[in-house]
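What follows is one structure encoded as structure tokens, with my remarks underneath.
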Amino acid sequence: MQNIERVWGFCDLFIEKNFDLNKVHYIEKLGFNTIALNTHVEEVSEEPKKKKKKNDPTEKKDYVPLPVEIPENFKKNCKLNILQRVTLEFSDSSISLKLNQSDNLKKYDIIAVVPKTLQAFQYACGSLDIDVITFDPQIRIPFKVSRKLYRQAVERGIFFEVMYSAAIRDSMSRKNIISAAHGYHAVGKSKNIIVSSGAENYTQCRGVHDVINLGFILGLNSNQSLEAIRDNTQRLILKMQGRKCGKHYMEVSHVNENKLNEE
Amino acid sequence: MLCPEIWDFPSPKVVCSNKKCLTLNSVSKIVELNNFYRNVIITCPDELHTPRFIEDSLLDDSDYYEVANCPLTEFIDPVFIQKFIKTGKLYCLTANTNCMIQNCAALTPDGILTLHILESTYQTLGIEGTKRPHKFYQIEIPLKDLKNISRVKTALEKLKLFDFNISWVPEIENVCPSSIAKYFCNKNYKVSSHSMSIERVAPVIKEVPTIHNSDIDEVVEWIGMLAHDANLTPTESYVSTYAEPECSTPIKTSRISIIIVKGFLTPNILINTSKLLEDYVKSRDFKHYWACLSVQSIEESLWQWNTSSPRIFQSQNASCNIFFTQESHSVYTVGQLKYT
């Protein structure tokens, strides 16, 4: 227990994968302790079945690509905890088949989804084993978020994400983000909200205090704003660890012998 | 439809207090209310250089030590308690810890080890504590009167190692304060010694406002502007609308000397300096002469706003400004919580 505690601290759980890793120390200076690098998977329309000539008929491409490579020495030198996250867009429940067959999915820490239809949203809130429900800021959410579905998602421990750097980039996104956030406030009293950046480069990140204050515009009160980047993200990380390990109640890990007290 | 309120943003709460007509005793009590200060700014009007004896009181014998990777169980060792806690004043604070996201600890001269623990960690420890804001618990362990040592030891062993800033003031005169560094060194911990850093500022001014005839908060702001070497007379009001405090009978002098001392400051150093400053002010024959001692708190430390509020770890920014004059002293404190 002694040296295994990781300080998750303030988390920014949505950094685009094209973010220059050399500039990640800026995020650390802004006060964050944990980040998650995102890989976006767009919805691909089903290819018409074509007869395979010589190829092995059982060869199937993994729906989910491999996570972003992070050099080992970078991980050691970096003071931030770095997690891997995947964002999947989907419109119907056939996604679960693809996810079950994917080997690469297990390499990711956080699974986020962008439901594109009401049916998909219903499926995400009710049955999908995911961590975060998010939305594309460039378009309005195409369905109405109902109170019942929101509550169902909250009971299952799923979090709703609001990202802010798209609001910096583009005024249409700003409207969509604020309207989505207010929608979550109206429907769910802003429970289980996490605020993340979605930054593509280091100029789109903001400091911890700024993000907390931004929570006011997103419909969070001051307690909820702090929760959105500290407590809810820690609960999310706990849920993610639970999902990765499956049903368990004991974790065994190596303890560094040198650091034990000499009696 | 419930619309969130997005027009009535409350301004951050600032705690101010202004006390007048104080004696040195009451000033000492105010300084001693808290144990951990980050820097002190001494302002002496009508001086080219701050008097040597005042600088020496801050710099001589004021070294503090940083002990790296030390477990909390060291502090409940009966030998340690006998040698240091019962025979002097020990000031100890975890270095580089953020009290919003990490566990912190502090040892105060009254012999109480205060722990600031995350809720999830607290539930595993097994010692009683009190609930604090932002999902933290505070555990106070009285070391001078320690009971259930084995239980406390098992609990403290569960916490990780910390880096501490330590300063010890022995009761007996001829004991060297560095004995504490030697004690940790002998136990094979990495100990480094640090001394206070000093910066001397001699800004150019036209006259010095007196605290009798001007608002004390304006004089505090004026001193702050001088310490930062800021422009007191901005020509265009876009960047700065600062105006010097109005005073009907200012001290006519164009010299003022400011020193900024940074480090791990403890109340005993500040009280000694206060005594010297009081004597110095009495020795000057300017009417309404004053000298000021401003202390700033360590931002992530154990802090108590006043005698009626509890002493808790909070992320705050507070400053206590003591004005010494020939008749009596005034104290202006101002502070703000970083997270509400």
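Nothing in this text is a laboratory measurement; each read-out follows from the coordinates by a stated rule. Please read these numbers as outputs of a predicted model, since none were measured by experiment. Glycine gets a Cβ as well: all are built from the backbone with ideal geometry, and neighbour counts include every protein chain shown.
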Requested in this report: Let me know the charge dipole size of the stretch B:159-207 about its Cα centre in debye, to the nearest 20, where only the beta-carbon of Lys, Arg (+1) and Asp, Glu (-1) is charged.
Outcome: 280
Requested in this report: For each of B:Phe184, A:Phe32, B:Phe84, count neighbouring Cβ atoms within 10 Å of the residue's Cβ, then give the residues from fewest to most.
Outcome: B:Phe184, B:Phe84, A:Phe32
Query raised in the report: Say we join alpha carbon atoms closer than 10 Å with springs in a Gaussian network model of chain B; which of B:Ile256, B:Ile205, B:Ile180 then has the biggest fluctuation?
Result: B:Ile205
Requested in this report: Mind jotting down the distance between the C-alpha centroids of the stretch B:18-53 and the stretch B:290-315, whole Å?
Outcome: 14
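Taking only DSSP H segments of four or more residues, each worth -39500 (n - 2.57), what value at 222 nm results for chain B once the sum is divided by all its residues, to the nearest 500 deg cm²/dmol?
-6000 deg cm²/dmol
Please give the peptides B:90-102, B:207-219, B:122-134, B:163-175 ranked by average Cβ packing (other Cβ atoms within 10 Å per residue), highest first, as a rough proxy for protection.
Output ranking for B:90-102, B:207-219, B:122-134, B:163-175: B:90-102, B:207-219, B:163-175, B:122-134.
From largest to smallest, what semi-axes in whole angstrom does the protein assembly as shown give when each is the square root of 5 times an eigenvalue of its alpha carbon gyration tensor?
Gyration-tensor ellipsoid for the protein assembly as shown: 53, 32, 20 Å.
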Requested in this report: For n ≥ 4 DSSP H runs only, could you compute -39500 (n - 2.57) per run for chain A, divide by its residues and tell me the 222 nm figure to the nearest 500?
Outcome: -9500 deg cm²/dmol
Query raised in the report: How far is helix B:267-283 tilted, in degrees, relative to the longest principal axis of the Cα atoms in chain B, given as a value from 0 to 90 rounded to the nearest 10?
Result: 20
Query raised in the report: Can you list, bin by bin at 5 Å, the percent of alpha carbon pairs in the stretch B:64-194, starting at 0?
Result: 2, 10, 21, 24, 21, 13, 7, 2, 1, 0
Query raised in the report: What's the center-to-center distance, using Cα atoms, between the stretch A:61-99 and the stretch B:103-151 in Å?
Result: 40
Report task. Classify the stretch B:1-149 as rounded, prolate or oblate from the Cα gyration tensor: take a ≥ b ≥ c as the square roots of its eigenvalues, call it rounded if a/c is under 1.5, otherwise prolate when a/b beats b/c and oblate if not. Result -> oblate
Query raised in the report: In the protein assembly as shown, with Lys and Arg counted as +1 and Asp and Glu as -1 at Cβ, which of these residues, A:Ala166, A:Tyr184, B:Cys176, has the Cα nearest the positive end of the dipole, that is, farthest along it?
Result: A:Tyr184
**Report entry** Cα-centre dipole for the protein assembly as shown with unit charges at Cβ (Lys and Arg positive, Asp and Glu negative), debye to 20
**Finding:** 2440
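Using every Cα-Cα pair within chain B, state what percent have a distance larger than 36 Å.
Numbers: 16259 of 57630 pairs.
Counting pairs separated by more than 36 Å, the tail of P(r) holds 28 percent.
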Report summary line: When B:Ile258, B:Ile76 are ranked with the fewest other C-beta atoms within 10 Å first, the list becomes B:Ile76, B:Ile258
Query raised in the report: Where Rh is the Kirkwood radius over the Cα pairs of chain A, the temperature 37 °C and the viscosity 0.692 mPa s, what D in µm²/s does Stokes-Einstein return?
Result: 167
Query raised in the report: If you look at just the Cα atoms of the stretch A:143-229, how large are its Rg and its Dmax in Å?
Result: 12.7, 38
Query - Coarse-grained scattering of the stretch B:240-323 at q = 0.18, 0.20 Å⁻¹, given as base-10 log I(q)/I(0) from a Debye sum over alpha-carbon atoms - result: -1.01, -1.11
